[in-house]
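Taking it in order: structure first as structure tokens, then the write-up.
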Amino acid sequence: MTDIKNHPITDAVAENITKVEELAYELLINQVMTRDIATISPADTMEFVANLFREKRISGAPVLNDGELVGILSIEDLIRCLRAVDLFSAVNKYMSTQLITVKEFDPVIEALKTFVHNRVGRLPVLDEHNKLVGIITKGDITRGLLKKLTNEFQQEEIRVYRASHLFEDIISTRTSLVLRYNIKPRDFIHGGTASSYIKRALMRLGASPQIARRCGIAIYEAEMNLIIHSRNGGIIRVEIEPHQITMETIDDGPGIQDVDLAMKPGFSTATEQVREMGFGAGMGLANITRCVDQLKIDSSLERGTRLKMKIFLKEQESFGDSRGNRLEGTP
Amino acid sequence: MKLNEITQKLNLHQFTNQEIGSDDEASLAYCSDMLSCVMTGAGHHSIWVTLQAHQNIVAVAALLELTAIIITENALPDEATIHKANQEGIKLMGTSEKNFEVCGKLWEIGLRSS
């Protein structure tokens, strides 16, 4: 569909092409075709057709005989007829009977392929009983795709708008949004997935890139600690409030023997195998300390470890309008 | 400096299948094979030089919004890693040279520590 060789494609363009291609597979022919169409019969005169085309401003029409599609007549056929000064002949003398059709429940991409391989301007669309239900042109496809693209764009805008206004729109004494993620032990493949979801959620809610980045780094280190060290995995719990973000990881062991020692940059209990992957630099907790405003570690060999990290948001960084979303006279 | 230029001058190949556009640039770089150190040290939009090639390098690069990762000494990222990098828009580049050599060359063409 796109000539890649002659036109260098930027990332932005590539993204759009992919989107349009995706839509071409998603949209069905019967969602973009024209249903209300003028049809003619084989016995109609070409003069009748000429008037019809002019009145309806169309450049082609399917030919039906007792409801059966038997041909198609285009403006080129009409021109041939006009040149021969033969307007009183019947449609069946000039119509094309080599029919290329598409099915109404096929994706739009099928019609596009057909247009590419055949020099036709319109395609009759048939239902499962091979009855004519509409006509599709390249213009129909372009309009359909554009409409769909605009809709999707608006929906994403609405989604971001809704998310970023969550804290303004909901009034309560104390509003917060809680995100939870279950983390499996030794699941290195998915390491960082929860962190990136959290970062994305914060961005959608309207957090500044700096805040989202600090949260992302801190929660990544905590997430990797669960994957590397915890016996049975653990839970990440993030609570987002207009003025602060609280991130917690909870596991049930084995616990940290000496928290002060664990906090020292460079100290690590990671296995050789894990170190080979580049983990266990002994910088995890040190990194977290750097990124958050408050870090509390509650760990014992019996109960496991609970990490609580807080980032406080300044007035201009807070979610929503921090004055408007709380009830009067409440803390 | 444009990523295109860096790719050419260091003779890198790309594992991912992303178009390197004119707005892909980096002026800073960071080198370490320890992920937590990268978390601390690598700044926004910098290039990360490492011989690690497993899937987690993409998670780190995405969180830090790095421009590209240069994987050294012919280390090979697997399919899943490349796929994830494409999804996240992180460019994975490869070279047979060692970390030290790559960093030397990056410095020579004007990149600085992030």
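Can you list residue pairs whose Cβ atoms sit under 7 Å apart, with the first residue in the range A:275-297 being under 13 Å from B:V38 (Cβ atoms) and the second being crowded, with 16+ Cβ neighbours inside 10 Å and of a type in the set (D, E, K, R)? Count only pairs 6 or more apart in sequence or on different chains.
Sorted first by the residue in the range A:275-297, then by its partner, the pairs are A:G278/B:D33; A:G284/A:E221; A:N287/A:E221.
Can you tell which of A:I136, A:I141, A:I198 is crowded, with 17+ Cβ neighbours inside 10 Å, outside any helix (DSSP H, G or I) and either among the aliphatic types (A, V, I, L, M) or in contact with a helix residue (DSSP H, G or I) (Cβ under 7 Å, 6 or more places away or on another chain) (or both)? Quick ask: steps written out before the conclusion?
Numbers: A:I141 fails: outside any helix (DSSP H, G or I); A:I198 fails: outside any helix (DSSP H, G or I).
Going through A:I136, A:I141, A:I198 in turn, just one is crowded, with 17+ Cβ neighbours inside 10 Å, outside any helix (DSSP H, G or I) and either among the aliphatic types (A, V, I, L, M) or in contact with a helix residue (DSSP H, G or I) (Cβ under 7 Å, 6 or more places away or on another chain) (or both): A:I136.
How about the range B:39-82: which of its residues are more than 16 Å from A:R213 (Cα to Cα), in contact with a helix residue (DSSP H, G or I) (Cβ under 9 Å, 6 or more places away or on another chain) and without any contact (Cβ under 8 Å) to a residue 24 or more places away in the chain?
Selection gives B:W48, B:Q52, B:N56.
Checking the structure you have, find out if any residue of the range B:79-92 is assigned to a helix (DSSP H, G or I), touching an Asp or Glu at 6+ places or on another chain (Cβ under 7 Å) and within 12 Å of another protein chain (Cβ to nearest Cβ).
Checked against the condition, which is being assigned to a helix (DSSP H, G or I), touching an Asp or Glu at 6+ places or on another chain (Cβ under 7 Å) and within 12 Å of another protein chain (Cβ to nearest Cβ), the range B:79-92 yields no hits at all.
So if I check each of A:L301, A:L295, A:L313, which one is modelled with pLDDT of 90 or more, more than 14 Å from every other protein chain (Cβ to nearest Cβ), surrounded by 13 or more Cβ atoms within 10 Å (Cβ to Cβ) and more than 17 Å from A:R237 (Cβ to Cβ)?
Among A:L301, A:L295, A:L313, only A:L313 is modelled with pLDDT of 90 or more, more than 14 Å from every other protein chain (Cβ to nearest Cβ), surrounded by 13 or more Cβ atoms within 10 Å (Cβ to Cβ) and more than 17 Å from A:R237 (Cβ to Cβ).
Just for the range A:195-212: of the residues that are among the charged types (D, E, K, R) and modelled with pLDDT under 90, which one is farthest from A:A163 (Cα to Cα)?
A:R200
If you take the residues of the range B:99-114 that are touching a residue at least 40 places away in the same chain (Cβ under 8 Å) and charged (D, E, K, R), which of them is surrounded by the fewest Cβ atoms within 10 Å (Cβ to Cβ)?
Top of the filtered list is B:R112.
Working carefully through the options B:G21, B:G43, find the one that is in a loop (DSSP other than H, G, I, E, B), facing chain A (nearest Cβ under 10 Å) and over 11 Å from the mean Cα position of the chain (by Cα).
B:G21
Which members of the range B:47-63 meet the condition of being over 21 Å from A:R275 (Cβ atoms) and surrounded by fewer than 24 Cβ atoms within 10 Å (Cβ to Cβ)?
Restricting attention to the range B:47-63, the residues satisfying the condition of being over 21 Å from A:R275 (Cβ atoms) are B:47, B:62.
If the condition is that a residue be over 21 Å from A:R275 (Cβ atoms) and surrounded by fewer than 24 Cβ atoms within 10 Å (Cβ to Cβ), then B:A62 is the only one that fits.
The values are calculated or read from the model by the stated rules, or taken from the named source; none is laboratory data. No experiment lies behind these values; they were computed from the predicted model shown. Methodologically, a virtual Cβ is constructed for each residue, glycine included, from the backbone with ideal geometry; neighbour enumeration extends over all protein chains shown.
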